[in-house]
Amino acid sequence: MSAWVLPDHIADVLPSEARHIEELRRQLLDTARGYGYELVMPPLLEHLESLLSGTGEALDLQTFKLVDQLSGRSMGLRADTTPQVARIDAHLLNRAGVARLCYCGPVVHTRPDRPHATREPLQFGAEIYGHAGLEADTEILRLALDCLRAAGVTGRAQAPVIVDLADARIVRSLFAGVPVDAAAIARVHAALAAKDASTLRELTAGFPAPSRDGLLALVELYGDAAVLDEAARVLPENVGIRAALSDLKQLAARLEGARVSFDLADLRGYAYYSGMRFGIYADGASDSLVRGGRYDEVGAVFGRNRPAVGFSLDLRELVAVLPARPLRAAIRAPWSDAEPLNRAIAALRGEGETVVCVMPGHDSEIDEFHCDRELVLQDGQWRVQAI
């Protein structure tokens, strides 16, 4: 095998795409800062027991593991940043009130988490700690939508951006009091996610009738706002279910101008989320561009089990559904050691202009920049003129 061939689902990012990603990173961080979110930068690797505390088997299988040559302890490359941010909130900031935190950095997966996905996403996310009310859920949803708008994802009349809502409390309430182990619960979750009613019927044959019937009903509970009314009619009377349906209805009403749908059987991240969860879909994306929700239990393993809600997205995936950006406008200048020319170039760069000095004999080899102006010597002065 050639030495330059990269592993499967790992790729270099070339200049135009890299510029687009970097510009998006800055736009999204600025959008989050506009809401009052503070930037944190967790390390790419940590001791394994810290990195995987409380995250469940799914994240364990997605985590690359290695041995620290200094200490001999097992370490891991992060597959998700949220547990690290929960650790920062619990042990480093340790604030009594609300903490708004955001981040952007690479994560690494042992396997792609969906078809054609990279194993090295560039994960951007934002999280609120310390508030259990719908106000925090609403802010996170609005910030996620604003981030997509800042990136240029606005949707079209024929294919608008869609916010798809669900709530982990519904399925948890249906499992309450059912004597099954974690493996059985995982199989039921898989059948629900696939909307496989026949397998679900077999798996729940021994469940109490209210739980069995409720789980089977979830397979059909997806669509527009009418789903919530139907769910209230067919699901068992339960405090957790009623609270979840009420919260979903309120959240949908607060997302002005957004198209909202519901899929009450969607359990991706079921081991992670404790309440509302959402995905945001847009034209051109094969799956949700943004995933998020409430995960109040994420900090428990760090000794601070306080409310938490947030979202994340992959910048590399986001760029793939956006139109390519035009080449950056630039000024072409000759290469020279002459002091007046170099002073003129330095002044232009100080003003934020891109000035490309053309090496002798390479007049037409500029790829990433569109040189629409040039620096020319006129009457003893270096001036910029249109090409």
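The values are calculated or read from the model by the stated rules, or taken from the named source; none is laboratory data. Remember, it's a predicted structure, so these values are computed and weren't measured experimentally. Positions of Cβ are backbone-derived with ideal geometry, glycine not excepted, and every protein chain shown enters the neighbour counts. The protein model used for the area step is the full one, side chains on, heavy atoms only, and it has no ligands, DNA or RNA in it. Shrake-Rupley method; radii C 1.70, N 1.55, O 1.52, S 1.80 Å.
Structure data summary
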item	result
Hey, F278 in contact with a helix residue (DSSP H, G or I) (Cβ under 7 Å, 6 or more places away or on another chain) and buried (at least 21 other Cβ atoms within 10 Å of the Cβ) or not	yes
Matching residues in region 330-352 - criterion: being within 28 Å of A18 (Cβ to Cβ) and open to solvent by 80 Å² or more (accessible area, probe 1.4 Å)	W335, R349, E351
Qualifying residues in region 356-387 (those that are open to solvent by 100 Å² or more (accessible area, probe 1.4 Å) and of a type in the set (D, E, K, R)) - the one nearest to the chain's Cα centre (by Cα)	D367
Residue within region 320-329 that is out of contact with any strand residue (DSSP E or B) (no Cβ under 9 Å at 6 or more places or on another chain), open to solvent by less than 50 Å² (accessible area, probe 1.4 Å) and either of a type in the set (D, E) or not in a helix (DSSP H, G or I) (or both) present	yes
Unmet requirement for L245, which otherwise passes all of (1) in contact with a strand residue (DSSP E or B) (Cβ under 7 Å, 6 or more places away or on another chain); (2) closer than 14 Å to L165 by Cα; (3) among the hydrophobic types (A, V, I, L, M, F, W, C)	(1)
Residue that is surrounded by the fewest Cβ atoms within 10 Å (Cβ to Cβ) [pool: residues in region 127-152 that are in a helix (DSSP H, G or I) and of a type in the set (G, A, S)]	A150
L165 being touching a helix residue (DSSP H, G or I) at 6+ places or on another chain (Cβ under 8 Å) and in a strand (DSSP E or B)	yes
Matching entry among G352, G293, G284, G361 (being outside any loop (DSSP other than H, G, I, E, B) and not basic (K, R))	G293
Filter result (touching a helix residue (DSSP H, G or I) at 6+ places or on another chain (Cβ under 7 Å), crowded, with 16+ Cβ neighbours inside 10 Å, over 20 Å from H109 (Cα atoms) and not polar (S, T, N, Q)) within region 26-46	L28, A32, Y35, V40
Helices (runs of 4 or more DSSP H) fully within region 1-106 counting 3 or more residues that are touching a strand residue (DSSP E or B) at 6+ places or on another chain (Cβ under 9 Å) and either closer than 18 Å to E120 by Cβ or of a type in the set (G, A, S) (or both)	15-34, 82-87
Neighbours by Cβ (under 9 Å, 6+ apart or cross-chain): first from region 15-38, farther than 16 Å from R149 by Cα and in contact (Cβ under 8 Å) with a residue 40 or more places away in the chain; second of a type in the set (D, E) and open to solvent by 50 Å² or more (accessible area, probe 1.4 Å)	P15/D367; S16/D367
Number of positions in region 282-305 that are touching a strand residue (DSSP E or B) at 6+ places or on another chain (Cβ under 6 Å) and open to solvent by less than 30 Å² (accessible area, probe 1.4 Å)	8
Single match in L221, L216, L235, L251 (criterion: among the hydrophobic types (A, V, I, L, M, F, W, C), open to solvent by less than 40 Å² (accessible area, probe 1.4 Å) and closer than 22 Å to L145 by Cα)	L251
Filter pass, E135 being under 15 Å from G293 (Cα atoms), without any contact (Cβ under 8 Å) to a residue 24 or more places away in the chain and not small (G, A, S)	yes
